[in-house]
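Since every read-out is calculated from the coordinates, none of them should be taken as a lab result. What you see is a predicted model, and the numbers here were worked out from it, not measured in a lab. Please note: Cβ atoms are built from the backbone with ideal geometry, for glycine as well, and neighbour counts cover all protein chains shown.
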Amino acid sequence: MKKKFYFSAVCLLAAGSLMFVSCDKDEKADVTKPEIKLNAPKEGAVLKIGDEHGVHFDMDLSDDVMLKSYLIEIHSNFDNHTHTKSGDGTVAFSFKKSYDVSGKKNAHIHHHDIKIPENATPGKYHLMVYCTDAAGNEQRIPERNIVLSKDAPDHDHHHHDH
C-alpha cells in the first residue's frame, strides 16, 4: 500500500512540474522589437512641394508575435537642426501621424497620405518611422534625410486602389 501511495505521489508531482514548465514557456515575455523595412521614400529623396497626389510611402513591417502601430514623423532640418528659416512667406513643413496595424504579424504599407502644401518651406527635412508591437517594444529606423523642393520631378503615379 505504501509503495502504491508513494508511486502515485511521484506521478502527481511529475505531472505538476511538467504543467508548470509548459505554462512558463507559453507565457514568456515578448522582448523582440518589430522590424521595419522602409522602401520609399529613399535616403536623399527629393519630394515635390504641392504634389496633390502625396508622397509615395511604402514599407514592410513584421513582428515575431503581433504588431500594434506605426508612426511617421517629418520635421525640418534647416541648417542641420537649428529648425528656423527666414521669413519668406513659407512655413516649415511637419507631419506626425500614427496608424493602427493591430492584429497582424506582418503588414505591407503603401499610401500617399503625406501631402506637402504649396506654402511649405523648401529645404532639408528628416523623415522618421517608429513601429510598436503589441507588447510595447519599439523600433525606429535611422532618420532619413529628404529634401522638399518646388522643382522636384513629378513621380510616376501608379494607379491602384488604396
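Taking region 95-139 and a reference point 7 angstrom along Cα→Cβ of D30, the backbone N atoms nearer than 17 Å belong to 99-108, 130-139. Multiplying the residue separation of Y99 and H126 by 0.36 nm and subtracting their alpha-carbon distance yields 7.8 nm. Of all beta bridges that DSSP places with both ends in region 50-140, some 95 percent have antiparallel geometry.
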